[in-house]
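Each remark here refers to the structure printed beneath this line.
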Amino acid sequence: MPRPVPLRRLLLALLLACTVLAGTTACGSDDKGSGASSSASPSGTSSAQAQKWAKTRFVANAGLAAGATYQWIVKPYRAGKFKKGADGRTFALVKAGLAGGFAYNRLKAATENAKGDPLLSKAVAPLTAGIESLKGLGSKLRKGEAGAGDIGVFEDVISGIKDAGKSAGAEVKDKVPSTSQLGG
């Protein structure tokens with residue numbers, strides 16, 4: 001038999017719902033007599049600022065890809081976690097597959113970020129084919145079909161991205177993403 005909900009909880013829920021509703025309708029007010037000028041528009045960023053943010057986003061995305069690759073693909077592979085009969089093999093393979101997909105996604109984002117900086121875009125442009133070659137490796141890792149050559153491809157692409165960033169003045173350092181970031 002379900003327990004009745006206390007009146008205090010119902011009132012609190014109703015109060016919160018009304019507060020949220022009032023807050024959202026107040027934000028969308030189209031009142032012309034409010035005294036506030038509605039002609040103000042956001043100002044754009046200068047090209048120097050846009051280039052700085054492009055480098056920053058590139059470093060963040062490439063660092064996450066490098067950290068995920070090293071932590072959940074290269075390190076377990078070297079430790080023998082992907083071999084048949086190894087303890088925790090299935091879990092290591094699933095994590096490696098997720099990390100492979102995550103790294104591919106972040107590397108694609110990093111190449112898009114690099115387009116905002118002329119020097120960085122020239123340095124990263126030759127690596128796009130290598131990044132595209134990683135497309136199916138996530139599922140290959142998840143199924144346990146990846147070998148030393150596949151792991152080497154990941155390492156080569158990551159080191160190429162790091163070198164390209166360094167040559168353009170945007171040094172990439174490994175940043176290990178959380179397990180929850182890998183899944184979604």
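Some notes on this structure:
- If you take the alpha carbon atoms of the stretch 73-121 and fit the smallest convex hull around them, that volume is 65 Å³ per residue.
- Remark: the residue 115-residue 87 segment gains 5.8 nm on full extension, using 0.36 nm per residue and subtracting the alpha carbon distance.
- The amide H of residue 172, built 1.01 Å from its N in the peptide plane, has 166 as neighbours under 5 Å, considering only residues 5 or more places off or on other chains.
- Hz values of 3J(HN,Hα) by residue in the stretch 154-162 - Karplus curve (6.51, -1.76, 1.60), Gly and Pro given as x: 4, 4, 5, 5, 5, 5, x, 5, 4
- Normalised by 2.2 N^0.38 Å, where N is the number of residues, the alpha-carbon radius of gyration of the stretch 49-97 equals 1.61.
- The modelled label-to-label distance for the pair residue 133/residue 179, using points 7 Å beyond Cα in the direction of Cβ, is 3.2 nm.
- Listed by chain and number, the lysines whose C-alpha is less than 29 Å from the C-alpha of residue 81, apart from same-chain residues fewer than 8 away, are 95, 108, 135, 140, 143, 162, 173, 175.
- Shown here are the Rg and Dmax of the Cα trace of the stretch 68-161, at 14.0, 49 Å.
- Pairwise FRET efficiency - residue 148 versus residue 56, Cβ, R0 = 35 Å, nearest 0.05: 0.50
- To the nearest 10, the accessible area of residue 56 is 60 Å² with a 1.4 Å probe.
- Gained length - residue 122 relative to residue 75, 0.36 nm times residue gap less alpha-carbon distance: 13.8 nm
- When peptides 149-159, 171-181, 63-73 are sorted by average Cβ neighbour count within 10 Å, with the highest value leading, the order is 63-73, 149-159, 171-181.
The values are calculated or read from the model by the stated rules, or taken from the named source; none is laboratory data. All figures in this text were calculated on a predicted structure; none of them were measured in a lab. Reconstructed Cβ throughout: ideal geometry from the backbone, glycine too, with neighbour counts over all protein chains shown. When the accessible area is computed, the model is the full protein with side chains, heavy atoms only, and any ligands, DNA or RNA have been set aside. Shrake-Rupley method; radii C 1.70, N 1.55, O 1.52, S 1.80 Å.
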